[in-house]
Amino acid sequence: MGRTEIRIGGLGGQGVILSGMIVGKAASIFAGRHATLIQAFGPEARGSACSAQVTVADAPIGYPYVKNPDVLVVLSRDAYAQFAPSLKPDGMLLYEEEMVSLADHPLPPGVKAYGIPATRFAEELGRRLVLSMVMVGFVAGVTRLLTVDAFEKAVVDSVPRGTEDLNLRAFRKGYEFGTGCVPV
Amino acid sequence: MKADPSGVLTGMHFLDGDHAACEGALAAGCRFVAGYPITPSTEVVERFASRIPMVGGVFIQMEDEIASSIAVLGGAWGGKKVMTVTSGPGLSLMMEHIGLAAITETPVVIVDVQRGGPSTGLPTLPAQADMMQVKWGSHGDYEIIALSPASPQECFDLMIRAFNLAETWRVPVFFMMDEVIGHMTERVDIPPADRIDVVERRWTTKKPGEYRPYAAGPDGVPDMVKAGDGHRIHITGLTHDERGYPAMNPAAQDKLVRRLTDKIRKNREALADIREDGVEDADVVVVSFGITSRVAAAAVDSARAAGLKVGHMRLVVVWPFPEHRIAQMAPRVKAFVVPELNLGQIALEVERAAAGRARTVRIGHAGGTVHEPEQILAGIREAAG
Amino acid sequence: MSQNLAIAADEREYPVENPVIPYLRQERIPHIWCPGCGIGTTVNCFARALTESKRDLDQVAIVSGIGCTGRVAGYLNLDSFHTTHGRAIPFATGLKLSNPKLKVVVYSGDGDLFAIGGNHFVHAARRNMDLTVICVNNFTYGMTGGQLAPTTPIGASQTTMPYGNFENPFNLPFLADACGAVYVARWTVFHVKQLTRAMHEAISKPGFTFVEVLAPCPTLYSRRNKLGDGVDQVKYYKERSVVKHGAATKEVALGFQGDIVVGKFVDRERETWLDGMNAHFEKVLGPRYRRYGE
């Protein structure tokens, strides 16, 4: 895989930027590849549209924007509506299945869609905040973009001290679900 | 000399350009920052405010950019390496103190994370439209140096050079980022302190009574002291003689202003840093800087794939403008293509240096995002004729 | 021959050098101030205050803005900085924070400090930045030719208020007090002893200290308002000054040729910005904090 472009979309407070940070960090620091992260968010801190663009590549990355992602990760209905049309044909859609309904919007041809009840998993783990870690694990499991080891190191390196175990459990929950997941 | 290890966060990091720029400043020895919050530059001072208590130094959030831009000049005369950080509207407020720094030869680094203008413009979106303002914005004749990083790694690396240049030449050095570079996150490798070369202030070796604050050495730059060293200096924004005393006559003005400009203009070639790629046999040369150079590189690759002979010059040092290099190339290329996130600023310099011997094709962009590579490719095609 | 004798006689009669001379950059004299101007008197008092303070003069820096009083920095034989219009205080803030051993004195005029520089005064006082600010208040813009100042009394004529001022001026001690200055005094150039003592107290007290000095501008303010020459203004100061130490600052506003309340109005204790920073970071960061400025 020479170059993978990922867009993660959701709402402020869902950990969208942190998810992008972990993917980028896993690739560029713990997997020896190149990565760029571009973030866009509204002026409000919570509840507004928020998205991260991550490019992972074997060579240095010039143009850093993601226009037609290979992988689209969506955590909100609005993000799905906004970004689904831009998904590359034959690309992958990873979505939070309790927040997003595929019926809302058609997908480009050949797209494989994978759903996960990530919010519920996070709640079962005791903290709704770890939703983003479940999603990152899901991305790791479905895409096999990088080694699990690289992702886990990036998780540990990115979360507040003392919360590593919880976050790793959330990551693994998403990862295991992802490895066994079949597209709808 | 080598960097003070207390300011160097050695290791591999995943940082955005704003944070990396702050780390560069700390590694370079910056120990006093005065700033005022303004998007998209604020993260630079936020990080400095959180890091400096453990490094040993001071951050103060001033009441406005006018205050910030002169507090750092006071900080420099107190003996510290200093920086202030802003974006377009703040930069506009700082202009008088750019002139004061130039005439008093105060080493200072000014970070401008460029956003769309004029006025409040596009606070959260990029532009490269302050390039002429930093060159010409304060009144009178003077020279500055401006660097243009194209990645968070360069925000770190070039920031160290920015401080070194400010100390070497005693001019304001502008660090011309943009919103994309400032907020884009990439890997940043920070080397150990003993592998970072920093330039110490040009402290005089003369004793009080012998020292003349504005008696320049052969390179046109005077040595410096700080307040409290016993030299009883007088530093003024008025035209001054070698003692630093006001001297308001045409001869003193000519002597001072020529030296202030010559110390940079005569070292234009030594200061230049141009990253060239395939310009030797090119018909068309793309001249770019900052974030735009990354997009331009993609366009150049596409043009070459289409069989065009295209070279790429990336200006790391934008000011002083490397007109010598453009002039050398102008007779043997068809055209220069200049993409930039403004409607024609550095393109004017290219045009001037090419002096009619090659065309200059402007690929202007009003800002708010970066070019599409296709826009630049279209310009290359047009230039190749 | 007779001239030499005269000099010799003069030296016999006055064997002691003017005590202020070592404080001045002799090579820069004569100064630019007009005959009858009050700024020189304030400089004389300041030099004497420095003597009384017994400070190491190598560790005293003076910062001025632009204007007639802005030229003070250029005549004093100290580390001296003549900055931009209105910005002496933020320059001084940077100088002090960068090199905390210094005693930093801002010496400037009313227009410089309170019109264009007003915001900086307000914030430096709020922060209790360790600076002494001496404001020579002559009610006018001298260097540019007698325009309206933020201190011009109502009724006084200025070139940009040719029919008399109708704008309310600042009451400077009240402003300084409200913003948090730890020392606030007002004197006039008639009160040289008291002024010298106030300057000495101000430079000896840590924190943001403020001295307002009323001084005549005979060339512009007095002449335009038909108030006579410098001596006439000093007579006015003598006749209409009322000493009221501890006066409530809101009651010391100045009217055109009215009573002048002088004295030491404020003298209180507050932690300086730098002491506050050190104490706070030591408390919240513990041993990780690298104490600054010692």
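The values are calculated or read from the model by the stated rules, or taken from the named source; none is laboratory data. Since the model is a prediction, treat every value here as computed from it, not as a measurement. Note that each Cβ is placed from the backbone with ideal geometry, even for glycine, and that neighbours are counted across all protein chains shown.
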Q. Does A:Gly91 satisfy the condition of being more than 11 Å from chain B (Cβ to nearest Cβ), touching a Pro at 6+ places or on another chain (Cβ under 6 Å) and not β-branched (Val, Ile, Thr)?
A. no
Q: Select from the range B:268-290 the residues that are over 19 Å from the mean Cα position of the chain (by Cα) and not acidic (Asp, Glu) and write down the one among them that is nearest to B:Ala146 (Cα to Cα).
A: B:Val286
(Q) Being in contact (Cβ under 8 Å) with a residue 12 or more places away in the chain, in contact with a helix residue (DSSP H, G or I) (Cβ under 6 Å, 6 or more places away or on another chain) and surrounded by fewer than 20 Cβ atoms within 10 Å (Cβ to Cβ): is that true of A:Glu176 here? (A) no
Q: From B:Ile103, B:Ile60, B:Ile110, B:Ile98, grab the single residue that is within 10 Å of another protein chain (Cβ to nearest Cβ), not small (Gly, Ala, Ser) and not in a loop (DSSP other than H, G, I, E, B).
A: B:Ile60
Q) Restricted to the range C:3-46, and to residues that are part of a helix (DSSP H, G or I) and among the basic types (Lys, Arg), which residue is modelled with the highest pLDDT? A) C:Arg28
Q: Within the range B:212-238, work out how many residues are of a type outside the set (Asp, Glu), in a loop (DSSP other than H, G, I, E, B) and within 12 Å of chain C (Cβ to nearest Cβ).
A: 11
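Just the residues that are aliphatic (A, V, I, L, M), surrounded by fewer than 23 Cβ atoms within 10 Å (Cβ to Cβ) and not in a strand (DSSP E or B), please, taken from the range C:130-157. Show your work before the answer.
Restricting attention to the range C:130-157, the residues satisfying the condition of being aliphatic (A, V, I, L, M) are C:131, C:133-134, C:136, C:143, C:148-149, C:154, C:156.
When the remaining residues are screened for being surrounded by fewer than 23 Cβ atoms within 10 Å (Cβ to Cβ), the result is C:143, C:148, C:154, C:156.
C:Met143, C:Ile154, C:Ala156, listed by residue number.
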**Q.** Index of the failed condition, C:Thr159 passing every other in (1) in contact with a helix residue (DSSP H, G or I) (Cβ under 9 Å, 6 or more places away or on another chain); (2) closer than 24 Å to C:Thr188 by Cα
**A.** (2)
Q: Could you identify the single residue in A:Met99, A:Met21 that is in a loop (DSSP other than H, G, I, E, B) and surrounded by 20 or more Cβ atoms within 10 Å (Cβ to Cβ)?
A: A:Met99
**Q.** Subset of the range B:63-85 [assigned to a helix (DSSP H, G or I) and facing another protein chain (nearest Cβ under 10 Å)]
**A.** B:Ile66, B:Ala67, B:Ser68, B:Ser69, B:Ile70, B:Ala71, B:Val72, B:Leu73, B:Gly74, B:Gly75, B:Ala76, B:Trp77
Q: Specify the residue that is farthest from the chain's Cα centre (by Cα); the eligible residues are those in the range C:158-196 that are under 15 Å from C:Gly263 (Cβ atoms) and assigned to a strand (DSSP E or B).
A: C:Tyr183
Q.
Can you tell me which of (1) over 30 Å from B:Gly217 (Cβ atoms); (2) surrounded by 22 or more Cβ atoms within 10 Å (Cβ to Cβ) is the one B:Glu280 doesn't meet?
A. (2)
Q: Please determine, by comparing only the residues of the range B:1-24 that are within 14 Å of chain A (Cβ to nearest Cβ) and either part of a strand (DSSP E or B) or at pLDDT below 95 (or both), which one is surrounded by the fewest Cβ atoms within 10 Å (Cβ to Cβ).
A: B:Gly11
Q) Looking at C:Ala73, C:Ala61, which one is more than 12 Å from the chain's Cα centre (by Cα) and not in a loop (DSSP other than H, G, I, E, B)? A) C:Ala61
**Q.** Unmet requirement for A:Pro64, which otherwise passes all of (1) over 16 Å from the mean Cα position of the chain (by Cα); (2) surrounded by fewer than 22 Cβ atoms within 10 Å (Cβ to Cβ); (3) at pLDDT below 95
**A.** (2)
Q | Residues of the range C:86-101 satisfying the condition of being assigned to a helix (DSSP H, G or I) and either facing chain B (nearest Cβ under 7 Å) or among the hydroxyl-bearing types (Ser, Thr, Tyr) (or both) | A | C:Pro90, C:Phe91, C:Ala92, C:Thr93, C:Gly94, C:Leu95, C:Leu97, C:Ser98
Q.
Being within 14 Å of chain C (Cβ to nearest Cβ) and either within 30 Å of A:Val54 (Cα to Cα) or in a helix (DSSP H, G or I) (or both) is the requirement here; does B:Ala27 meet it?
A. no
